[in-house]
Amino acid sequence: MSREFIIYTDESDRDGKYFANFYGGALIRSADVDAVRAELETAAAAAGLTAEIKWQKVSSGYLDRYKSMMDAFLRLVAEDRIKVRIMFTQRRFVPVGLSQYHREHAYHLLYYQFIKHAFGLQFANQRKQPVRLRIYLDKLPDKQEKNAVFTAFLAGLENCREFRRARIHVPQDQIAEVDSHDHVVLQCLDVVLGAMQFRLNDKHREGLREGEKPGSRTAAKEELYRHICTWLRRLHPNFNAGITTSTSGCIRNRWKHSYRHWLFRSREWQYDVSKVKPKLKRKTEDPGGATHEATPSGT
């Protein structure tokens, strides 16, 4: 009997000040999906979150409700009933040698790399029974024709060597654009993804003069980010949001870990010192050094 994984994906902030091209994914095994949805919907109702849950809606008045919602979501992550992956690029590492095609299709090529690599799916199927992927993409911003080409491209993943060996299938009719309003898992993913891009791009400091305190909405977002990180440091005691999460010496942890970050960097790049955060300008090495890289070639 074949198994099935459902992957929900979202993206955010293509042009952040320091970090850009944020992609997020939440993977749930089909055997768990109904219970996971029910638990999250119950948690949302208990928190009084009757409208769509979104990072943009976080405020001081809703902070406790969002903390409660993140507790429910991240508890499921800690139990490995949901796997979350966040990928992003760092502006100081500027890709070189890219063709015009790469530049025009960067959004979709990075999306492809994210789905192909971020979950470590090549290590997900030790029993070698067929596994089917169902992929729910939050509404894509490009034209319908371009998005159709992209979904066909994603379906071709099952022909790559890693997926063939793992017997992972990606039927094109199981790849769909969806509205996050109808999927509570996507809504929770949006909050985690939003928190990471908010903090990594220093949005908690935007427009502030030295010694000035942020407004209540910004302060609430900063507190929610810290609340989320409290959970993540239970999973990874040395968790650093801005680098690739360590595999702790075992490459199979790319699949086994329930939560991971991936700092994506092209194989060929040049350093742009103007994009370095002020506190890092005196450092000569990349703190934490990304360990999982891929060329955005789409192949």
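Condition check: in a helix (DSSP H, G or I), under 30 Å from Tyr271 (Cα atoms) and of a type in the set (S, T, N, Q). Does Gln56 satisfy that?
No, not satisfied.
All but one of (1) assigned to a helix (DSSP H, G or I); (2) crowded, with 16+ Cβ neighbours inside 10 Å; (3) of a type in the set (Ser, Thr, Tyr) hold for Ser274; which doesn't?
Of the numbered conditions (1) assigned to a helix (DSSP H, G or I); (2) crowded, with 16+ Cβ neighbours inside 10 Å; (3) of a type in the set (Ser, Thr, Tyr), the odd one out for Ser274 is (2).
Within the set of pairs 6 or more residues apart or between chains, which connect a residue that is at negative phi inside the range 150-173 to a residue that is in a loop (DSSP other than H, G, I, E, B) and not small (Gly, Ala, Ser) with Cβ atoms less than 6 Å apart?
What qualifies is Ala155/Val170; Leu157/Val170; Glu158/Val170; Ala166/Asn125.
Quick one: in the range 4-42, which of the residues that are surrounded by fewer than 16 Cβ atoms within 10 Å (Cβ to Cβ) and among the basic types (Lys, Arg) is nearest to Asp202 (Cα to Cα)?
Filtering the range 4-42 for residues that are surrounded by fewer than 16 Cβ atoms within 10 Å (Cβ to Cβ) and among the basic types (Lys, Arg), the one nearest to Asp202 (Cα to Cα) comes out as Lys17.
Out of Arg226, Arg233, Arg260, Arg254, which single residue is assigned to a strand (DSSP E or B) and either at pLDDT 95 or above or under 14 Å from the mean Cα position of the chain (by Cα) (or both)? Explain how you work it out, then say what you get.
Numbers: Arg226 fails: assigned to a strand (DSSP E or B); Arg233 fails: assigned to a strand (DSSP E or B); Arg254 fails: assigned to a strand (DSSP E or B).
Of the residues listed, the single one that is assigned to a strand (DSSP E or B) and either at pLDDT 95 or above or under 14 Å from the mean Cα position of the chain (by Cα) (or both) is Arg260.
Picking from Thr9, Thr50, Thr42, which residue would you name as being at pLDDT 95 or above, of a type in the set (Ser, Thr, Tyr) and farther than 23 Å from Phe153 by Cβ?
Thr42
Only one of (1) assigned to a helix (DSSP H, G or I); (2) touching a His at 6+ places or on another chain (Cβ under 8 Å); (3) farther than 17 Å from Gln197 by Cβ fails for Tyr136. Which number is that?
For Tyr136, the failing item is (1).
The values are calculated or read from the model by the stated rules, or taken from the named source; none is laboratory data. Given the structure is predicted, the values throughout are model-derived calculations rather than measurements. FYI the Cβ positions are ideal-geometry reconstructions off the backbone, even for glycines, and counts take in every protein chain you see.
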